Amino acid sequence: MQASVLAPDAACPSCGGTSGRVHSRYDRYPSAPAIGGQETVIRLQVRRFFCGSEECSKQTFAEQVVRLASPHARRTPLQRGVLEKIAFALGSRPGRRLARRPAAEVARMTLLRLVRALPIPELGALSAVGADGFAFRRGRNYGGTVVDMHTHRPVDVLPDRLGDTFAGWLRAHPGPGAICRERAGGYAEGARLGALEAIQVAGLRHPRCNLTDAVDEAVRAHRKRLRDQLVAEAVAQSAPSASVTEGRPAGSFTRQPTAPNRNGPTPQQPRTLSQNQEKLTTETT
């Protein structure tokens, strides 16, 4: 796709004066969003003009095409906005895979640079903030984060977890009426020094974790005693009462006869004690 500017003159970005004297021409190739699944590149012809003002520090300047190309940019503002939204939503690696369809082939580090180049939004009125710690390098270097509790978005990053650092941040940003913090002593001290009138709310995550660890440690330490107690209770169970077996005849405990086998000879049925006594009496007689 080819494009050029039809205006006869252009304004100098330094002094603001217009000039129509063309110094030279050159081509730029900004990348645009894909059309029909194909990468789109615009061949933009740009003119360089002489600046006619004697007080201007520049002798020549290049014309700027608004909404199509930015100074020293390799992408159109539209494509840059699409990539920024993808990088914010997905990050570097997933964003790179998704950017192939609506934009163009980009590297994951390019998406990260686009996010880092965005201006930091200004802080508004903060009525409730949260403070928590994280590890730059676990076991060696720790920092802190400040979060807006209404929007649940990070507001600032603290270089450490000391109380003086957090107190200084609260003095620089007055107004929070409630501080949700973890149970570290540095945040509690910083809240008292920086915002004395604010209400402090301690998190429940760490007490729950500590309670779980303590119960698990106690059960593991007394596992043998619990096992021995279960064995003792099983041994101490009462035997069947004698009344259950009283009143039953001696020969009542007999094996049940098995069903006859129709495919072969019928097995001999077991005799009870009373039947054996009747047989013995008959034979004696």
Exercise for the section: Could you work out how far the C-alpha centroid of region 161-177 sits from that of region 130-152, in angstrom? Expected result: 14 Å
Exercise for the section: Would you be so kind as to identify which of Ala11, Ala73, Ser53 lies farthest towards the positive end of the dipole of region 1-109, taking Lys and Arg as +1 and Asp and Glu as -1 on Cβ and the Cα centre as origin? Expected result: Ala73
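Do any trypsin sites (Lys or Arg not before Pro) in region 100-172 lie in a loop, going by DSSP, with at most 15 other beta-carbon atoms within 10 Å of their beta carbon, and if so which? Could you put the intermediate results ahead of the total?
On the way: sites: Arg100, Arg108, Arg113, Arg116, Arg137, Arg138, Arg140, Arg161, Arg171; in loops: Arg100, Arg138, Arg140, Arg161.
Sparse-neighbourhood loop trypsin sites (Lys or Arg not before Pro): Arg100, Arg138, Arg140.
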Problem - Dipole magnitude of region 1-141 about its Cα centre (Cβ charges: Lys, Arg +1; Asp, Glu -1), debye to nearest 20 - result: 880 debye
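With only Lys, Arg, Asp and Glu charged, each at its Cβ (+1 for the first two, -1 for the last two), find how big the charge dipole of region 53-122 is about the Cα centre; round to the nearest 20 debye.
760 debye
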Exercise for the section: Can you give me the P(r) profile for region 107-220? Cα pairs, bins 5 angstrom wide beginning at 0, each as a whole percent. Expected result: 2, 11, 17, 19, 17, 12, 10, 6, 4, 2, 0
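For a Förster distance of 30 Å, can you work out the FRET efficiency between the beta-carbons of Met109 and Ala214, rounded to the nearest 0.05?
Computed FRET efficiency for Met109 and Ala214: 0.10.
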Problem - Inter-label distance, nm, simple model (7 Å from Cα along the C-beta direction), Val5/Arg140 - result: 5.1 nm
Completion exercise
Checked against the positive end of the charge dipole of region 165-236 (+1 on Cβ of Lys and Arg, -1 on Cβ of Asp and Glu, about the Cα centre), the farthest of Ala234, Ile179, Thr165 is Ala234
Exercise for the section: Using a 1.4 Å probe over the heavy atoms of the protein chains, calculate the carbon and sulfur portion of the accessible area of region 1-154 as a whole percent. Expected result: 50 percent
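The values are calculated or read from the model by the stated rules, or taken from the named source; none is laboratory data. It should be emphasised that the depicted structure is a prediction, and the values quoted were computed from it without experimental measurement. No Cβ is skipped: glycine too gets one built from the backbone with ideal geometry, and neighbour counts run over all protein chains shown. Surface areas here come from the heavy atoms of the whole protein model, side chains and all, with no ligands, DNA or RNA. Shrake-Rupley method; radii C 1.70, N 1.55, O 1.52, S 1.80 Å.
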